[in-house]
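Working notes, beginning with the structure itself.
The values are calculated or read from the model by the stated rules, or taken from the named source; none is laboratory data. In this text the structure is predicted, and so the values were computed from the model without any measurement. All Cβ positions, glycine included, derive from the backbone under ideal geometry; neighbour counts span all protein chains shown. The area values use the complete protein model at the heavy-atom level, side chains included, leaving out ligands, DNA and RNA. Shrake-Rupley method; radii C 1.70, N 1.55, O 1.52, S 1.80 Å.
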Amino acid sequence: MTRGKTLAGRTFALVFLLSLVVMLASALAATAASFRSYEHEAEAKLLAQASSVADSLESLDGEEAMCRMLEGYPFVGLRCTLVRADGTVAFDNEVPVAELDNHLGREEIRTALELGRGITLRKSQTVGTDMLYAADSMSDGHVLRLSETRTSLASFFGGMSLQLVVSLVVIFLLSLLAARIITRMVVKPLRDIDLSNPLENDAYEEIQPLLARVDSQKRELQAQNEELKRAVSLRREFTGNVSHEMKSPLQVIGGYAELMEKGLVEGEDVPRFAGLIRSEAESMRGLVDDILVLSRLDEADAARTEDVDVAQAFARAAERLSAKSDDRGVSVELISSGRCVVSGDNRLVEQMAYNLLDNAIRFSPKGARVRVEASSELGVVTVRVSDSGPGIPDELKARVFERFFRVDESRARETGGTGLGLAIVKHVAEACGGEVRVEDNTPCGAVFVVSIPSIAM
Ligand code: ADP
């Protein structure tokens, strides 16, 4: 941005120059008009004077009497010439008559002889300056001419120099004032803009689009900022939860190992303690695995898009969990109808199926049956995983999908699990463009329903 180029500065300079030019031009025009009217007045006055002198000469008898009278006449600043009808000069109060040539060629004399009176403005052949001539003809053919030095524009101005200086100063000051007032008027609404509330400004209509843009960008930034804060706090919470979850198995492992180290474990108890240590290590590995899956899901790019048969993914997961289900005497029934193919990442969809089945098996009472129904209808693949476990209270149905949320915290160690399983399920369903929800099963238990848009054949 170049400094010094301000709207206020530019407006001020422009308005100042413009008003100065306009005011000077109008002052000049007014002076010229008054000069013109002054000239008209001077002409009329000189003509009147000429005709009054001519009138007084009319009553005299003969040229000699006329010349005598003219000699005694008090002409102030006026030249008086009496011209005969043949153009020769009979009298002149400034130039000796002998030096004067025939005046028939002079315009004012000719006009007076023809029309009775004549007036001309020209350079005098005799005196050499700009002169105003007024001639009046008499009944005996003589023409009386009066002339005076014409006031030039410069001397006209000179005569009013004080007024001119005063009006120039006034014009200058008025221009400054006008520029100041207009600049303020133009710039004030811009200076007064409150950018913290762009749309509440009463500014020019022309800058409304700009303000609207500022407003929308501000909102966008605020939203991004909040999103960022939320992400930071979620991450912090997640890290806190992860370290907390890791601590318990590590403490257990550390405790058992210490007992064994100090020889406090009897020989026959060693396999049992080693088994406990192994199971804690396994649950830690499960936690680490789940965290890795989640972080893969967080980087959306890592998820591949391929054709995934959801029914087959559930079948593979059930196969992997068969030892566990056999152990609990829980049977898993798989029913599928239609082509249940969606677009997603095979490994992640199988992980989703694994987590849902694992929960259903874990929370089902011994000897119960878990049902998986996959169907494809109206462009949506729906999988319903039903069990007959404790089910999920209505008010917690949304919260079970949060990371590390458990319905019964005190029983968490008993039922096992990382607390991340359903968070992964939700994430995978959404990554495939679908969703997951939980419903009640009848007469008891939970039904987890996954719906994902299918891909056309
Ligand atoms: P966990 O590893 O603890 O099972 P999940 O995220 O998979 O974590 O599940 C979160 C919580 O939701 C579980 O701790 C449990 O309280 C509840 N839950 C999940 N599945 C079921 C189910 N099929 N029946 C009853 N409660 C369930």
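Say R0 is 56 Å: what FRET efficiency, to the nearest 0.05, do Val186 and Ala85 get from their beta-carbon distance?
Result of the calculation: an efficiency of 0.15.
Which of Val293, Gln251, Ser155 sits closest to the plus end of the dipole of the chain, meaning its Cα is farthest towards the positive end, when Lys and Arg get +1 and Asp and Glu get -1 on the C-beta?
Result: Gln251.
Three principal axis extents, largest first, for the C-alpha atoms of the range 94-183, in Å?
Computed over the range 94-183, the largest-to-smallest principal extents equal 72, 27, 16 Å.
Restricting to bridges with both residues inside the range 230-386, how much of the DSSP beta-bridge set is antiparallel, in percent to the nearest 5? The partial results should precede the final answer.
Numbers: 11 of 18 bridges.
Here the share of antiparallel DSSP bridges comes out near 60 percent.
Per q in 0.16, 0.17, 0.22, 0.34 1/Å, what log10 I(q)/I(0) does a Debye calculation on the alpha-carbon atoms of the range 64-105 return?
Result of the Debye calculation: -0.39, -0.44, -0.72, -1.24.
How far is it, in nm, from the label point at Leu378 to the one at Leu168 when both lie 7 Å from their Cα along the line to the Cβ?
Roughly 9.1 nm, to one decimal.
Considering only C-alpha atoms, what is the centroid distance from the range 413-457 to the range 211-263, in Å?
Result: 23 Å between the Cα centres.
Let me spell out the model: positive unit charges on the Cβ of Lys and Arg, negative unit charges on the Cβ of Asp and Glu, origin at the Cα centre of the range 56-171. What dipole size does that give, in debye rounded to 20?
On the way: 10 positive and 17 negative charges, 119 e Å.
About 580 debye.
Put +1 on the Cβ of each Lys and Arg and -1 on the Cβ of each Asp and Glu in the range 280-361; which of Ala353, Ala315, Ser337 then has its Cα farthest toward the positive end of the dipole?
The residue sitting most towards the positive pole is Ser337.
Tell me, what does the Kirkwood hydrodynamic radius of the range 158-249 come to in angstroms if you use every pair of distinct C-alpha atoms?
Working: mean 1/r = 0.0522 Å⁻¹.
Kirkwood radius, the range 158-249: 19.1 Å.
For every helix of n ≥ 4 consecutive DSSP H residues, a contribution of -39,500 (n - 2.57) applies; sum these over the chain, divide by its total residues, and give [θ] at 222 nm rounded to the nearest 500 deg cm²/dmol. Please list the in-between numbers first.
Values: 12 runs with 242 residues, N = 457.
It comes out at -18500 deg cm²/dmol, rounded to the nearest 500.
Return the equivalent ellipsoid semi-axes of the range 200-350 as a descending list in whole Å, where each equals the square root of 5 times an eigenvalue of the C-alpha gyration tensor. Spell out each step's value before the answer.
Working: eigenvalues 498, 174, 21 Å².
The equivalent ellipsoid of the range 200-350 has semi-axes of 50, 29, 10 Å.
Taking all protein chains in place and a 1.4 Å probe, what share, in percent, of the accessible surface of the chain do carbon and sulfur account for?
Working: 15320 of 27080 Å².
Carbon and sulfur: 57 percent of the exposed surface of the chain.
Let me understand the chain better: what is its radius of gyration from the alpha carbons, and its Dmax, in angstrom?
So, for the chain, Rg and Dmax equal 57.6, 175 Å respectively.
Quote to one decimal, in nm, the extra length available between Leu195 and Thr151 on full extension: 0.36 nm per residue of separation minus the C-alpha distance between them. Mind showing how you got there, number by number?
Numbers: separation 44, 0.36 × 44 = 15.84 nm, distance 6.49 nm.
Full extension from Leu195 to Thr151 adds 9.4 nm.
Among rounded, prolate and oblate, which fits the range 261-403 when a ≥ b ≥ c are the square roots of the eigenvalues of its C-alpha gyration tensor, a/c under 1.5 means rounded, and a/b larger than b/c means prolate?
Numbers: a/c = 2.16, a/b = 1.61, b/c = 1.34.
Taking the square roots of the gyration eigenvalues as a ≥ b ≥ c, the range 261-403 is prolate.
Compute the Rg/Rh shape ratio of the range 251-310: radius of gyration over Kirkwood radius, all on alpha-carbon atoms. Don't skip to the answer; put the middle values down first.
On the way: Rg = 19.0 Å, Rh = 14.4 Å.
Value, to two decimals: 1.32.
Between Lys229 and Met246, what length comes free when the chain is fully extended (0.36 nm per residue of separation minus the Cα-Cα distance, one decimal in nm)? Before the final figure, lay out each step's value.
Values: separation 17, 0.36 × 17 = 6.12 nm, distance 2.55 nm.
That works out to 3.6 nm of additional length.
Relative to the present Cα-Cα distance, how much length would full extension add between Glu395 and Val127 at 0.36 nm per residue of separation?
On the way: separation 268, 0.36 × 268 = 96.48 nm, distance 12.02 nm.
Full extension of this stretch gives 84.5 nm more.
Suppose every Lys and Arg Cβ carries +1 and every Asp and Glu Cβ carries -1, with no other charges. What dipole size does the chain come out with about its Cα centre, to the nearest 20 debye? Walk me through the intermediate numbers first.
Working: 52 positive and 68 negative charges, 308 e Å.
The dipole of the chain has a size of about 1480 debye.
Give the residue from Leu70, Leu121, Ala33 lying farthest towards the positive end of the charge dipole for the range 8-122; charges sit on Cβ (+1 for Lys and Arg, -1 for Asp and Glu) and the dipole is referred to the Cα centre.
Projecting each Cα onto the dipole axis, the largest value belongs to Ala33.
Place a +1 charge on the Cβ of each Lys and Arg in the range 390-457 and a -1 charge on the Cβ of each Asp and Glu, then give the dipole magnitude about the Cα centre in debye, rounded to the nearest 20. If you can, show how the numbers build up before the last one.
Numbers: 8 positive and 10 negative charges, 43 e Å.
My answer is approximately 200 debye.
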